[in-house]
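See below for the structure under consideration.
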Amino acid sequence: MAKVYITKDLKTFTNGIFEISLQGESIKEIVGNLVREHRDLGNHIYNFDGELKNYVNIYLNEENIKSLNNLDTKVYEDDKIILYKAM
């Protein structure tokens, strides 16, 4: 399972939880699983088209997924994902 770390600005929408272990083969699957568990979070990270909002960044092992394969980036066991709201 990958560990997902939720930064201070977004953990309000995860009931204060800042570290969650989730399964999935891609960032898209893992974030989808996260949003299923914490529905309020979805409204704050996705726009109406289902795309990540511009101010939301996701890092996989300290590398922004935008420089990788975006939401289709593969995730492996023991990977670390950070969900970050830039201001």
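The values are calculated or read from the model by the stated rules, or taken from the named source; none is laboratory data. Predicted model, so just to flag it, every value in this text is computed and none were measured. Positions of Cβ are backbone-derived with ideal geometry, glycine not excepted, and every protein chain shown enters the neighbour counts. Remember, those area values only see protein heavy atoms, side chains included, never the ligands or the DNA or RNA. Shrake-Rupley method; radii C 1.70, N 1.55, O 1.52, S 1.80 Å.
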For this session: Kindly indicate which of Leu22, Leu34, Leu52, Leu68 is open to solvent by 40 Å² or more (accessible area, probe 1.4 Å) and either on the phi < 0 side of the Ramachandran plot or of a type in the set (Ser, Thr, Tyr) (or both).
Result: Leu68
Exercise. Just checking, how many residues over the range 46-81 are in a helix (DSSP H, G or I) and free of Cβ contacts under 8 Å to residues at least 40 places away in the same chain?
Worked result: 3
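Name the single residue that is farthest from the chain's Cα centre (by Cα) among those in the range 71-87 being farther than 14 Å from Ser21 by Cα and open to solvent by 70 Å² or more (accessible area, probe 1.4 Å). Give the derivation first.
Filtering the range 71-87 down to residues farther than 14 Å from Ser21 by Cα leaves 71-74, 84-87.
Subset that is open to solvent by 70 Å² or more (accessible area, probe 1.4 Å): 72, 74, 84, 87.
Values: Asp72: 12, Lys74: 13, Tyr84: 8, Met87: 16 Å.
Once the filter is applied, the top-ranked residue is Met87.
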Exercise. All but one of (1) at pLDDT below 95; (2) in a strand (DSSP E or B); (3) in contact with a Leu (Cβ under 6 Å, 6 or more places away or on another chain) hold for Tyr84; which doesn't?
Worked result: (3)
